[in-house]
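The values are calculated or read from the model by the stated rules, or taken from the named source; none is laboratory data. Only a predicted model underlies this, so the values are computations on that prediction, with no experimental measurement involved. Cβ placement follows ideal geometry from the backbone for every residue including glycine, while neighbour counts extend to all protein chains displayed. Keep in mind that these areas ignore ligands, DNA and RNA; they rest on the heavy atoms of the full protein, side chains included. Shrake-Rupley method; radii C 1.70, N 1.55, O 1.52, S 1.80 Å.
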Amino acid sequence: MLMDILSNPVLLIAVPLLFAFLAVFLKKIDKVLLGAAAVLNIAGAALIAVLYEGTKIIELGGFKPPFGISLVLDDYSLIGIVLLNVIFGLILLLSGKHVQKYAMVLLVALAALNGVILTGDLFNLFVFLEIAAIAAYIFTAMDKGFKHSFNYLVVGTLGSGLFLFGIILLYNVFGSLNMFDIQEKLSQANPADSGALALPLVMMFTGLSVEAKLMPFGGWVKGVLKKANTLVGALIVSAYALAVLLALGRVISTVFFMSGAVRIAFTAVAAGTLVFAEASAFSRKNLREVLLFSSVAQSGLVALLFLYGLTVPAVLVLAGNVVSKLVLFTVAGKFAHDLGTDDIGDLKGVFIKFPLVGVGFTASAMSLIGLPLFFGFVAKINALVGLFDAGNVWLPIIILVMAVVEGAYFVRILTTLWNTGDEGELSSKDKLKTFKLNGSAVVGAVSVAVAVVIVALGVLPILNIKQFFSVDFMTFIGQLLGGM
Amino acid sequence: MIQYFAIALMLVGVYGLLTQKNVIKLIVSLNIFEVGLNVFIISVGYVSGGIAPILTSQNNTSALLYVDPLPQALVLTSIVIGVGVTALALAFARRLHNQYGTYNLDEMEGE
């Protein structure tokens with residue numbers, strides 16, 4: 001009985017929210033509350049994962065679905081909440097000193113992001129998205145970049161307004177806000193009506209694209225992230241990206257009624273995002289700019305996979321991306337903060353000084369490119385095989401070409417950061433500049449730990465070691481690779 | 001009919017967002033957009049000749065024609081969120097004015 005209450009997913013939303021209210025009155029211990037909520041949420045997510053027995057609909061307030069708001073706990077949202085809360089904990093561990101007065105805002109963000117992943121109700125999704133977005137507007141202004149935060153606020157509010165408009169249009173047609181109820185009604189809808197349904201879907205897709213950073217709607221990203229500190233950057237590129245893209249995937253897989261033209265339009269947006277963002281990343285010289293464009297590109301790739309119904313590969317790519325980006329952006333932000341620059345040319349040979357950080361960074365970057373023996377490979381190969389199976393030839397070609405571009409700029413970054421001296425010159429330690437990094441041990445330890453997980457998840461499925469693991473996720477990956 | 005009016009209001013808001021350079025005017029445009037959206041949401045639940053969806057001693061059967069209460073509940077949430085965003089946007093406007101001494105986005109220098 002007690003276990004039932006403790007493993008109720010609603011606590012993942014309610015506890016941080018309660019602590020956020022408490023933090024208003026108990027300003028002196030707000031950071032303690034933030035830490036406690038993060039730890040409790042990790043524990044709660046772990047407990048939910050251990051006791052998980054298949055899809056469960058949690059009714060709130062005693063209303064039976066489709067009435068009232070319900071939370072959905074299934075394989076999809078389970079992976080989401082476990083990853084999100086672990087990532088959030090790691091971000092706090094790595095960038096805790098940047099929290100300053102923003103503990104309450106971060107508590108609200110944690111509650112809202114959990115809600116975004118768990119909710120099964122469209123309007124509730126809008127509310128959680130908006131709460132998460134308002135929290136993001138506030139903490140992106142942390143570095144006094146009010147102009148960019150204001151830009152983000154205007155675009156974000158317009159985007160969520162359009163999303164709400166789409167939801168209301170759907171409600172007008174189907175009389176329901178419950179995603180699964182709408183899905184059922186959609187399956188009985190006349191295919192000839194798909195033209196009429198295109199408007200709400202386009203509105204909703206556009207609205208979500210703003211937060212999901214798809215181009216051209218995600219133009220705010222550059223200004224906000226270019227000078228972001230480790231905390232803000234890591235939150236936006238990993239925690240927010242994870243929750244918002246999972247929400248996009250949930251909406252696409254339940255509500256979206258994909259007829260030919262609508263899918264082509266959405267695919268063009270997602271593929272265009274991938275191409276333009278990789279090209280932009282290639283041309284940048286600052287580590288954080290490269291990473292933010294790479295993050296945008298990955299959003300495009302994930303959205304593309306969701307649009308083709310490849311939910312499992314999309315989640316794998318997304319999980320690999322957010323974990324890698326967490327390490328990469330934290331390291332980049334740390335360089336910018338402690339060394340005063342994140343220009344790649346100024347950081348020559350920095351990893352010789354901090355080998356642990358370098359190993360973690362390198363493994364994360366390799367995984368992002370999708371090299372074998374790293375988790376990114378498992379994710380990308382599944383995505384490509386899935387697209388080929390669906391009879392699509394062009395999208396795998398685009399993805400592979402873009403992977404080459406991605407590989408090119410990451411290899412350039414890695415060779416620069418591991419070597420002193422100019423190109424074509426023999427690297428020697430005499431030329432090494434003095435770098436001073438505060439708390440490099442923690443960053444190093446965490447990034448190496450992440451690297452070990454990335455390599456393990458990349459190697460284990462290839463060894464077909466699944467019979468030694470009873471964890472679903474491992475067999476899941478094993479079976480997928482076995483089916484090749 | 002009222003729905004056309006609501007959509008026209010939303011478009012006025014979007015037009016303002018696209019053309020204005022002044023921070024305050026942008027916030028006003030955002031609000032016009034939101035008001036249009038809220039009117040649209042309310043209009044979705046409207047039933048011609050319907051009464052308020054409250055059971056009273058006079059109106060106590062489900063046979064009567066009620067308006068849909070759900071959009072009214074939704075619009076309340078939407079208004080609250082809108083107020084919060086506007087307050088935050090005005091706070092940003094104030095800080096921008098402190099920083100640059102102007103409300104015009106074009107005149108703000110630097111990054």
For region B:60-97, how many residues meet the condition of being closer than 12 Å to B:Val23 by Cβ, open to solvent by 70 Å² or more (accessible area, probe 1.4 Å) and free of Cβ contacts under 8 Å to residues at least 60 places away in the same chain? 2
Scanning region B:1-59 for residues that are out of contact with any Pro (no Cβ under 7 Å at 6 or more places or on another chain), in a loop (DSSP other than H, G, I, E, B) and not small (Gly, Ala, Ser) gives B:Met1, B:Gln20, B:Lys21, B:Tyr46, B:Val47, B:Ile54, B:Leu55, B:Thr56, B:Gln58, B:Asn59
Residue that is farthest from the other protein chains (Cβ to nearest Cβ) [pool: residues in region A:106-140 that are in contact with a Pro (Cβ under 7 Å, 6 or more places away or on another chain) and within 12 Å of A:Pro16 (Cβ to Cβ)]: A:Leu110
Suppose the filter is more than 20 Å from A:Ser160 (Cα to Cα), more than 11 Å from chain A (Cβ to nearest Cβ) and touching a Phe, Trp or Tyr at 6+ places or on another chain (Cβ under 6 Å); does B:Asn59 pass it? no
So, in region A:303-318, exactly how many residues are of a type in the set (Gly, Ala, Ser) and open to solvent by 10 Å² or more (accessible area, probe 1.4 Å)? 1
Report yes if some residue within region A:273-281 is of a type in the set (Asp, Glu), open to solvent by less than 20 Å² (accessible area, probe 1.4 Å), in contact (Cβ under 8 Å) with a residue 60 or more places away in the chain and part of a helix (DSSP H, G or I); otherwise report no. yes
For region A:36-57, pairs from a residue that is of a type in the set (Phe, Trp, Tyr) to a residue that is open to solvent by less than 40 Å² (accessible area, probe 1.4 Å) and part of a helix (DSSP H, G or I), with Cβ under 7 Å and 6 or more apart or across chains, are A:Tyr52/A:Leu78
What residue, of A:Val251, A:Val237, is within 19 Å of the chain's Cα centre (by Cα) and under 30 Å from A:Lys334 (Cβ atoms)? A:Val237
One residue from A:Leu83, A:Leu93, A:Leu106, A:Leu71 being in contact with a strand residue (DSSP E or B) (Cβ under 7 Å, 6 or more places away or on another chain) and not polar (S, T, N, Q): A:Leu71
Pick from region A:420-442, criterion within 22 Å of A:Gly345 (Cα to Cα) and open to solvent by less than 60 Å² (accessible area, probe 1.4 Å), ranking: modelled with the highest pLDDT: A:Thr420
Would you mind finding the one in A:Leu125, A:Leu106, A:Leu113 that is closer than 17 Å to A:Lys27 by Cα and crowded, with 24+ Cβ neighbours inside 10 Å? A:Leu106
For region B:98-111, enumerate the residues that are of a type outside the set (A, V, I, L, M) and surrounded by 12 or more Cβ atoms within 10 Å (Cβ to Cβ). B:Gln99, B:Tyr100, B:Thr102, B:Tyr103, B:Asn104
With the condition being among the charged types (D, E, K, R), I'd like the helices (runs of 4 or more DSSP H) fully within region A:176-259 carrying at least 2 qualifying residues. A:179-187, A:220-226
Collect the residues in region A:321-348 that are open to solvent by less than 10 Å² (accessible area, probe 1.4 Å) and small (Gly, Ala, Ser), keeping them in residue-number order. A:Ser324, A:Ala332, A:Gly333
Filtered residues of region A:385-404 (kept if under 14 Å from A:Ala271 (Cα atoms) and either touching a residue at least 12 places away in the same chain (Cβ under 8 Å) or not assigned by TED's automatic domain parsing to the domain that holds A:Leu318 (or both)): A:Leu387, A:Asn392, A:Leu395, A:Pro396, A:Ile398, A:Ile399, A:Leu400, A:Met402, A:Ala403
Starting from residues that are of a type outside the set (Gly, Ala, Ser) and within 22 Å of the chain's Cα centre (by Cα), keep the ones in region A:141-153 and report whichever is farthest from the other protein chains (Cβ to nearest Cβ). A:Met142
May I ask you to say which residue of A:Leu208, A:Leu164 is under 24 Å from A:Ala243 (Cβ atoms) and within 14 Å of another protein chain (Cβ to nearest Cβ)? A:Leu164
B:Val44: passes all of (1) open to solvent by 50 Å² or more (accessible area, probe 1.4 Å); (2) farther than 27 Å from B:Thr102 by Cα but (1)
Filter result for A:Thr267 (open to solvent by 10 Å² or more (accessible area, probe 1.4 Å), more than 25 Å from A:Leu118 (Cβ to Cβ) and hydroxyl-bearing (Ser, Thr, Tyr)): yes
Note on region A:244-260: residues of a type in the set (Gly, Ala, Ser) and either modelled with pLDDT under 80 or open to solvent by less than 10 Å² (accessible area, probe 1.4 Å) (or both) are A:Ala247, A:Gly249, A:Ser259, A:Gly260
One residue is enough: does region B:65-88 have a residue meeting the conditions part of a loop (DSSP other than H, G, I, E, B) and more than 14 Å from chain A (Cβ to nearest Cβ)? yes
For region A:268-291, state whether one or more residues are farther than 29 Å from A:Leu73 by Cα and assigned by TED's automatic domain parsing to the domain that holds A:Val72. no
